[in-house]
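Here is the structure we will look at, set down as structure tokens.
The values are calculated or read from the model by the stated rules, or taken from the named source; none is laboratory data. Quick caveat, the model's predicted, so the values are computed rather than measured. Glycine gets a Cβ as well: all are built from the backbone with ideal geometry, and neighbour counts include every protein chain shown. Calculation scope for accessible area: heavy atoms of the full protein, side chains included, ligands and nucleic acids excluded. Shrake-Rupley method; radii C 1.70, N 1.55, O 1.52, S 1.80 Å.
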Amino acid sequence: MTNSNAPDARAAVDPAVLAELGRLRDSIDNIDAAVVHMLAERFKCTQQVGHLKAEHALPPADPSRESRQITRLRELAENAKLDPAFAEKLLNFIISEVIRHHEQIAADNSSAKSSQT
């Protein structure tokens, strides 16, 4: 099995192609960094939501909100020429993480209240 990234394979490729490949990969790396930073900001907001829900004894999950978000994201994906099924899978993964965080926040909040009494 040959490795297409091996130095001898790269030597046979036009330098202009390698330069374009490098440029595209740099763009991908920048986009990946932006995605990570955007997800971090999103989770900062959802952590605040989790604390608010825990303080007011609201359930960690909100199925109607989740359904609206999935519908909204699928529409955004279609408009952006992104596979809506992929966008939905991604959002479902994010939602499951958010709910897990909200459950942990609620449990921590409940433990803190129990220890105060």
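To keep it simple, each residue is scored yes or no on (1) under 19 Å from the mean Cα position of the chain (by Cα); (2) under 22 Å from residue 87 (Cα atoms).
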site: 18; (1), (2): no, no
site: 26; (1), (2): no, no
site: 29; (1), (2): yes, yes
site: 35; (1), (2): yes, yes
site: 42; (1), (2): yes, yes
site: 48; (1), (2): yes, no
site: 53; (1), (2): no, no
site: 67; (1), (2): yes, yes
site: 72; (1), (2): yes, yes
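Confirm whether residue 13 is among the β-branched types (Val, Ile, Thr) and assigned to a loop (DSSP other than H, G, I, E, B).
yes
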If we keep only residues of the range 80-117 that are open to solvent by 70 Å² or more (accessible area, probe 1.4 Å) and acidic (Asp, Glu), then the residue nearest to residue 44 (Cα to Cα) is 103
List pairs: first residue in the range 78-107 and on the phi > 0 side of the Ramachandran plot, second residue surrounded by 12 or more Cβ atoms within 10 Å (Cβ to Cβ) anywhere in the structure, Cβ distance under 7 angstrom, at least six positions apart or on different chains. none
Mind checking whether some residue in the range 97-113 is assigned to a helix (DSSP H, G or I) and within 13 Å of the chain's Cα centre (by Cα)? yes
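In the range 73-117, how many residues are among the aliphatic types (A, V, I, L, M) and over 21 Å from residue 61 (Cβ atoms)?
The qualifying residues number 6.
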Please state which of the following conditions residue 4 fails to meet, knowing it meets all the rest: (1) assigned to a helix (DSSP H, G or I); (2) small (Gly, Ala, Ser); (3) at pLDDT below 95. (1)
Just the residues that are within 21 Å of residue 91 (Cα to Cα), assigned to a helix (DSSP H, G or I) and among the small types (Gly, Ala, Ser), please, taken from the range 20-64. 33, 34, 40, 50, 64
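Determine, yes or no, whether residue 58 is open to solvent by 90 Å² or more (accessible area, probe 1.4 Å) and modelled with pLDDT of 95 or more.
When the stated conditions are applied, residue 58 passes them.
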Name the single residue, out of those in the range 80-96 being part of a helix (DSSP H, G or I) and of a type in the set (A, V, I, L, M), that is farthest from the chain's Cα centre (by Cα). 85
